[in-house]
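Enquirer: After the structure tokens below, expect a handful of questions from me.
Every number in this text was worked out from the coordinates using simple rules, so none of it is lab data. Keep in mind that this is a model prediction, so the values were computed, not measured. Backbone-built Cβ (ideal geometry, glycine too); neighbour counts: all protein chains shown.
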Amino acid sequence: MKGYVLILGANSDIARPLARLYAAAGYNLYLAHTQPEVLTAECEHLQAAHGIDAKPLRFDLLYFNGHEKFFHRLDPPPAGVVCIGGYLGDHRLAMGDMEEVSKIIQLNFVGPVSILNVVADFYEKEKAGFIVGVSSVMGERGFRHNYFHAAAKAAFTTYLSGLRHRLSFSGVQVLTVKPGFTATKMTAGIPFPRWLTARTGDVARDIFRGQQKGRDVIYTPGYWKFLMWLFIHIPERLFKRVAP
């Protein structure tokens, strides 16, 4: 066995196929979610199919005061942590409702930072481990229809970049994942172009391969690296006229 991997937000459409990849590779799993009972059947399936241990755990991304206790009670401690938790939010509501703005920022930035700070301190002392943070390509430039969510993801991306620099001196991998349009429950109803929309299984495969190869940053699918390079370099005057 290769130790445990802790997946935060383990009931997401990307987390489930990712957990199966880690299980198939011989990793045990801690699958964390606010309602762990929804993961019981999945854990039983992974144990039967791959002969590994899989435990559903209760975890609230917004219960900051409990994050340190949650992590340090894991026995044995995980060899790696994947943070997939997030919240798209209602952008139109957020334009006039600071509670919605706060929820977007808390779930996409503050909560992940709270738990990953605990993880980083532990791995830095151990001089081992890996952290995977799932951000978004949307964090690279603000668009009129999602700038609250994009701003929170931009902050998370910057946090992961600084964390990677800090932990590089301790031999700890920090992988930033930047998915493009992906067909999930969270994005249901959004009219993404079909040719630009990825399947969750493909995104999970890219995350697994990127982590196993020791990568620092990945775009998934890979063509988003080129697309975002174009968006980033469009002059602001032109961007305001042509961006969707």
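Enquirer: Just want to confirm a number: the relative contact order over the stretch 4-123, from Cα pairs under 8 angstrom separated by 6+ residues, in percent. Each step should come with its number before you reach the end.
Expert: Details: 168 pairs, mean separation 33.5, N = 120.
It comes to 28 percent, rounded to a whole number.
Enquirer: Assuming 0.36 nm per residue, please report the length gained on full extension of the stretch ASP53 to ARG199 beyond their Cα-Cα distance. It would help to have the intermediate numbers written out before the result.
Expert: Values: separation 146, 0.36 × 146 = 52.56 nm, distance 2.70 nm.
In short, 49.9 nm is gained.
Enquirer: Hey, another quick one. Taking the Cβ of GLU100 as the centre, find all other residues whose Cβ is under 12 Å away and add up their charges (Lys, Arg: +1; Asp, Glu: -1). Before the final figure, lay out the partial values.
Expert: Details: positive: ARG92, LYS103; negative: ASP90, ASP97, GLU99.
Its environment carries a net charge of -1.
Enquirer: So what is the calculated 222 nm ellipticity per residue for the chain, using -39500 (n - 2.57) for each DSSP H run with n of 4 or more, over all residues, to the nearest 500 deg cm²/dmol?
Expert: -13000 deg cm²/dmol
Enquirer: Top mean-square fluctuation among ALA150, ALA48, ALA32, Gaussian network model of the chain, C-alpha springs under 10 Å?
Expert: It is ALA48.
Enquirer: Based on Cβ point charges of +1 for Lys and Arg and -1 for Asp and Glu, what charge dipole magnitude is obtained for the chain about its Cα centre, in debye rounded to the nearest 20? Write out the running numbers ahead of the final one.
Expert: Numbers: 28 positive and 20 negative charges, 176 e Å.
Around 840 debye, computed over the chain.
Enquirer: Still on this structure, please answer the following. Cα centroids of the stretch 125-181 and the stretch 1-62: how far apart, whole angstrom?
Expert: Each part's Cα centre sits 22 Å from the other's.
Enquirer: State the answer as a single residue: which of TYR4, LEU46, MET98 lies farthest towards the positive end of the charge dipole of the stretch 4-242, with beta carbon charges of +1 for Lys and Arg and -1 for Asp and Glu, about the Cα centre.
Expert: The listed residue farthest towards the positive side: MET98.
Enquirer: Okay, moving on. Which residue, GLY96, GLY142, GLY180, has the most motion in a Gaussian network model of the chain that connects Cα atoms within less than 10 Å?
Expert: It is GLY96.
Enquirer: Beyond a 18 Å Cα-Cα separation, which of these cross-linked pairs lie in this structure: LYS178/LYS213; LYS55/LYS213; LYS55/LYS178; LYS178/LYS225? Mind dumping the intermediate values first?
Expert: Details: LYS178/LYS213 16 Å; LYS55/LYS213 26 Å; LYS55/LYS178 27 Å; LYS178/LYS225 9 Å.
Beyond 18 Å: LYS55/LYS213; LYS55/LYS178.
Enquirer: Would you please state the base-10 log of I(q)/I(0) at q = 0.12, 0.17 1/Å for the chain, with intensities from the Debye formula using one equal scatterer on every alpha carbon?
Expert: Treating every Cα as an identical point scatterer, log10 I(q)/I(0) equals -0.68, -1.37.
Enquirer: To continue, here is another question. Longer than 27 Å from Cα to Cα, which of LYS69/LYS125; LYS2/LYS103; LYS103/LYS125 are they? Say none if no pair is.
Expert: Numbers: LYS69/LYS125 17 Å; LYS2/LYS103 36 Å; LYS103/LYS125 32 Å.
Among LYS69/LYS125; LYS2/LYS103; LYS103/LYS125, the Cα-Cα distance tops 27 Å for LYS2/LYS103; LYS103/LYS125.
Enquirer: Quick one: compute the contact order of the chain, relative version, from alpha carbon pairs under 8 angstrom and 6+ residues apart, as a percent. Don't skip to the answer; put the middle values down first.
Expert: On the way: 408 pairs, mean separation 43.4, N = 244.
After rounding, I find 18 percent.
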